[in-house]
Amino acid sequence: MTKTKLTALAAASVLLAAALPAQAGAPMARFQAPGFYRTTLGDFEITVLNDGTLDLPVDKLLKQPPAKTLAALDKAFQKTPLQTSVNGFLINTGSKLVLIDTGAASLFGPTLGQLVGNLKAAGYKPEQVDEIYISHMHGDHVGGLAQNEQRVFPNAIVRAGKLDADYYLNPANLDKASGEAKDNFQGPMVSINPYVKAGKFQPIVANTELVPGIRSYLNGGHTPGHITYVVESKGQKLVLLGDLLHVQAVQFDDPGVGISFDSDSKVAIAERKEAFAAAAKEGYLIGAPHLSFPALGHVRSNGKGGYVFVPVTYTQPR
């Protein structure tokens with residue numbers, strides 16, 4: 001082939017390439033790895049299960065000037081609406097498999113509902129769960145209990161605060177509610193009533209050891225029967241705070257900031273301050289459903305009346 005023909009062929013190739021639409025080497029995947037994180041606590045195995053994230057307009061929900069919330073989010077390289085994690089905690093004590101909170105399933109839209117899939121990805125089956133402890137009866141904590149009025153965890157006993165059960169499972173309160181407020185009662189009812197009917201719901205009436213190594217602690221505030229759970233093994237301790245906090249970029253630095261979800265903000269704020277102070281003083285691990293996944297870490301004082309959350313680092317369980 002002559003030099004002239006080679007030059008003409010090269011020019012034609014360039015023109016053809018320019019005429020074709022640009023294509024990426026591979027399409028965007030747009031999904032994350034399975035949402036579970038595993039660690040150990042003494043002799044116990046702790047697996048955090050992510051149910052997904054929920055967009056919250058926290059500048060409108062937190063009880064402080066919106067500008068202060070936006071400044072705190074900006075400092076943490078975040079923005080509103082805030083992608084807020086929803087997590088559950090699976091605890092294998094060696095003799096019992098205990099799940100604390102179950103996520104929202106389908107109650108809060110398509111960005112949630114991944115907890116059961118992540119439980120399976122973590123190597124467990126729903127029928128292996130022996131006990132389920134609910135921090136409180138908001139839909140994003142009880143929704144994963146049932147599907148199509150059937151129990152998702154067929155062998156599990158479900159426990160939650162009696163004050164919450166008396167409030168959220170009372171048909172009279174549903175009848176009195178109007179508009180979207182009815183969802184506050186319908187979600188818990190469709191989620192928990194299948195266990196009530198099966199004789200597998202047990203209200204918690206006092207602070208007690210539920211199984212060896214796991215205790216309940218009623219603190220109210222967020223809901224009438226809100227409970228935190230204390231897990232201990234071999235001198236190591238994890239306190240699962242439930243919804244004592246929602247926005248880590250704001251409420252650690254200033255635990256006095258309430259949120260509109262609380263039924264009694266004064267009580268919730270007092271309980272949050274007490275919980276942070278104890279965690280900072282004693283150095284134990286904390287977890288919470290709305291901390292960013294994997295939702296475990298430690299608390300230390302910032303020396304200014306507030307606190308700093310120190311997330312766990314990635315480790316392999318041994």
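The values are calculated or read from the model by the stated rules, or taken from the named source; none is laboratory data. All values derive from a computational prediction rather than experimental measurement. Virtual Cβ from ideal backbone geometry, glycine too; neighbours counted across all protein chains shown.
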If you check Thr80, Thr102, which single one turns out to be assigned to a loop (DSSP other than H, G, I, E, B) and within 20 Å of Asp183 (Cα to Cα)?
Thr102
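Yes or no, residue by residue, for (1) of a type in the set (S, T, N, Q); (2) within 13 Å of the chain's Cα centre (by Cα); (3) closer than 29 Å to Gly213 by Cα:
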| site | (1), (2), (3) |
| --- | --- |
| Gly42 | no, no, yes |
| Val48 | no, yes, yes |
| Leu54 | no, yes, no |
| Lys60 | no, no, no |
| Gln64 | yes, no, no |
| Ala71 | no, no, no |
| Asp74 | no, no, no |
| Phe77 | no, no, no |
| Gln83 | yes, yes, no |
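Checking the condition more than 24 Å from Arg272 (Cα to Cα), modelled with pLDDT of 95 or more and of a type in the set (Gly, Ala, Ser), which residue from Ala177, Ala156 passes?
Exactly one residue qualifies, and that residue is Ala156.
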Select, from Gly305, Gly256, the only residue that is more than 28 Å from Val142 (Cα to Cα) and out of contact with any strand residue (DSSP E or B) (no Cβ under 7 Å at 6 or more places or on another chain).
Gly305
I'd like the full set of residues that are within 17 Å of the chain's Cα centre (by Cα), among the β-branched types (Val, Ile, Thr) and assigned to a loop (DSSP other than H, G, I, E, B), limited to region 239-273.
Val247
Quick check: is even one residue across region 176-188 among the aliphatic types (A, V, I, L, M) and out of contact with any helix residue (DSSP H, G or I) (no Cβ under 8 Å at 6 or more places or on another chain)?
yes
Within region 77-112, of all residues that are in contact (Cβ under 8 Å) with a residue 40 or more places away in the chain and charged (D, E, K, R), the one surrounded by the fewest Cβ atoms within 10 Å (Cβ to Cβ) is Lys96
May I ask you to say which residue of Ala72, Ala67 is aliphatic (A, V, I, L, M) and in contact (Cβ under 8 Å) with a residue 12 or more places away in the chain?
Ala72
Cβ-Cβ under 9 Å pairs, at least 6 apart or on other chains, region 207-231 side more than 12 Å from Gly161 (Cβ to Cβ), far side of a type in the set (Lys, Arg) and part of a loop (DSSP other than H, G, I, E, B):
Val211/Lys96; Pro212/Lys96; Gly213/Lys96; Ile214/Lys96
Would you pick out the residues in region 26-60 that are surrounded by fewer than 18 Cβ atoms within 10 Å (Cβ to Cβ) and assigned to a helix (DSSP H, G or I)?
Lys60
Yes/no for His246 being crowded, with 22+ Cβ neighbours inside 10 Å, touching a Ser or Thr at 6+ places or on another chain (Cβ under 6 Å) and at negative phi
no
Is it true that Gln236 is on the phi < 0 side of the Ramachandran plot, over 16 Å from the mean Cα position of the chain (by Cα), modelled with pLDDT under 95 and not small (Gly, Ala, Ser)?
no
Would you mind telling me which numbered condition in (1) surrounded by 17 or more Cβ atoms within 10 Å (Cβ to Cβ); (2) more than 30 Å from Lys237 (Cα to Cα); (3) more than 18 Å from the chain's Cα centre (by Cα); (4) in contact (Cβ under 8 Å) with a residue 40 or more places away in the chain Phe185 fails?
(4)
Does region 129-152 hold any residues that are closer than 17 Å to Phe36 by Cα and more than 17 Å from the chain's Cα centre (by Cα), and which are they?
Val129
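Restricting attention to region 221-238, report how many residues are in a loop (DSSP other than H, G, I, E, B) and touching a helix residue (DSSP H, G or I) at 6+ places or on another chain (Cβ under 7 Å).
Counting residues in region 221-238 that are in a loop (DSSP other than H, G, I, E, B) and touching a helix residue (DSSP H, G or I) at 6+ places or on another chain (Cβ under 7 Å) gives 6.
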Spans of helices (runs of 4 or more DSSP H) in region 137-218 with at least 2 residues on the phi < 0 side of the Ramachandran plot and among the hydrophobic types (A, V, I, L, M, F, W, C)
162-168, 171-176, 183-197
